[in-house]
Amino acid sequence: MEERFMREAIRLAEKAKKKGEVPIGAVVVYRGKIVGRGYNLRTRLQMATAHAEMRAIDRACKKLKSWRLPEAEIYVTLEPCPMCMGAILNARIDRVYFGAYEQKGRSLTTELAEANLLNHRTQVTGGVLKEECAAVLSSFFTELRLREKAKKSAK
């Protein structure tokens, strides 16, 4: 089950990649059904909050007509940042599954999940299809570096 939903998140990450966005995808699942999908659109929308998780949570809240999402799970291709973990906790999402681990900095995912902020704790499982999730990110940044190098060479 976890892999099925993570594969959908990976599909969304690939969609972000095609748009030149950092390829992160997320899905919110409620009672076994996807109720919210999102992928990173920070560059296109020029919005700091346009992360995959935030977009998926917003769509799930609209679909379920509630800002509270108890019994929901979120699947995201990269370990959530502190802003997204705050939104996950605020929405009262029960469980977080993520693929790749954040390598560049501390995301505080586990610490925030266990801190009982907003009178809510969420369970976290990392490393779901982590190699596939990491590969999407790695290929994006490799291609980005190659494009930047080609631009510099052309000057």
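Quick one: would you say Pro80 is touching an Asp or Glu at 6+ places or on another chain (Cβ under 8 Å), of a type outside the set (A, V, I, L, M) and farther than 20 Å from Arg121 by Cβ? When the stated conditions are applied, Pro80 does not pass them.
Each residue in region 29-84 was checked for being in contact with a helix residue (DSSP H, G or I) (Cβ under 6 Å, 6 or more places away or on another chain) and without any contact (Cβ under 8 Å) to a residue 12 or more places away in the chain, and 1 pass.
The criterion of at least 1 residues that are at pLDDT 95 or above and surrounded by fewer than 17 Cβ atoms within 10 Å (Cβ to Cβ) is met by the following strands (runs of 3 or more DSSP E) wholly inside region 1-99: 33-39.
Counting the residues of region 113-137 that are at pLDDT below 90 and open to solvent by 70 Å² or more (accessible area, probe 1.4 Å) gives 5.
The values are calculated or read from the model by the stated rules, or taken from the named source; none is laboratory data. Predicted model, so just to flag it, every value in this text is computed and none were measured. In this analysis, Cβ positions are derived from the backbone assuming ideal geometry, glycine residues included, and neighbour counts consider all displayed protein chains. Note: accessible area is taken over every heavy atom of the protein model, side chains too, but ligands, DNA and RNA are not part of it. Shrake-Rupley method; radii C 1.70, N 1.55, O 1.52, S 1.80 Å.
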